[in-house]
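What follows is a set of notes on a single structure, which appears directly below.
Readers should treat all values here as calculations from the given coordinates under stated rules, not as data from a laboratory. Treat the numbers as computed from the prediction; the structure is a model and nothing was measured. Cβ coordinates were reconstructed from backbone atoms using ideal geometry, including for glycine residues, and neighbour counts include every protein chain displayed.
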Amino acid sequence: MKRREAREIAVQMLYGLYFEEIPEDTSSLEQLIEKKFHESISINEVTFTLEDKNFCINLVKETYQHLQEIDELIKRFLKKWSFDRITIIEKSILRLAVMEIEYTDIPNKVAINEAIELAEDFSGQKSKKFVNGILDAIMHREKKDD
């Protein structure tokens, strides 16, 4: 399975969805996510197996299902930084990684390492350090208040 490529496409989909009006109903959201998937794989000229496609789409769906909680968790660990100042691509990467950390059985270190590599690929060294710092703090937080 091409999980790395699936995460890259998922980040691009999350980025694209940032500019969309997100529908309230699940069916319309799923159609929009499917549309973004096909746009992203077409632009990137990649082919996915059905398993890869389902993994990718599920990452995005799960992120949107928990978006409010994910954003609140990210905001808790921003030091001297406002959520609005985070670039859209960094938000997309952080959201995906936090979703994997909080809502899947993917090992935290895998989710964080993938996010760090995506940040470096999409935004560079400073972004890599920023994403790593936030995700490390989230992973090591005290869970008593969660």
Contact order normalised by residue count of region 3-139, Cα under 8 Å, 6+ apart, percent: 25 percent
P(r) tail fraction, region 3-139 - alpha-carbon pairs more than 27 Å apart, %: 14 percent
25 Å Cα-Cα reach of Lys53 towards lysines, excluding residues that sit fewer than 8 places from it in its own chain: Lys2, Lys35, Lys36, Lys61, Lys91, Lys109
Most fluctuating residue given options Tyr64, Tyr15, Tyr103, as computed from a GNM of the chain linking Cα atoms under 10 Å: Tyr103
Cross-link partners of Lys128 among aspartates and glutamates (Cα-Cα below 16 Å; sequence separation of 8 or more within a chain): Glu8, Glu90, Glu114, Glu117, Glu120, Asp136
Longest to shortest principal axis, alpha-carbon extents of region 64-146, angstrom: 33, 27, 23
Cβ-based charge dipole, the chain, positive-most Cα from Phe130, Phe37, Ile57: Phe130
Qualifying GluC sites (Glu not before Pro) for region 58-146 [loop in DSSP, other Cβ within 10 Å: at most 10]: Glu142
Under the Karplus curve 6.51 cos²θ - 1.76 cosθ + 1.60, θ = phi - 60°, whole-Hz ³J(HN,Hα) for region 123-132, x wherever Gly or Pro sits: 9, x, 4, 5, 5, 4, 5, 4, 4, 4
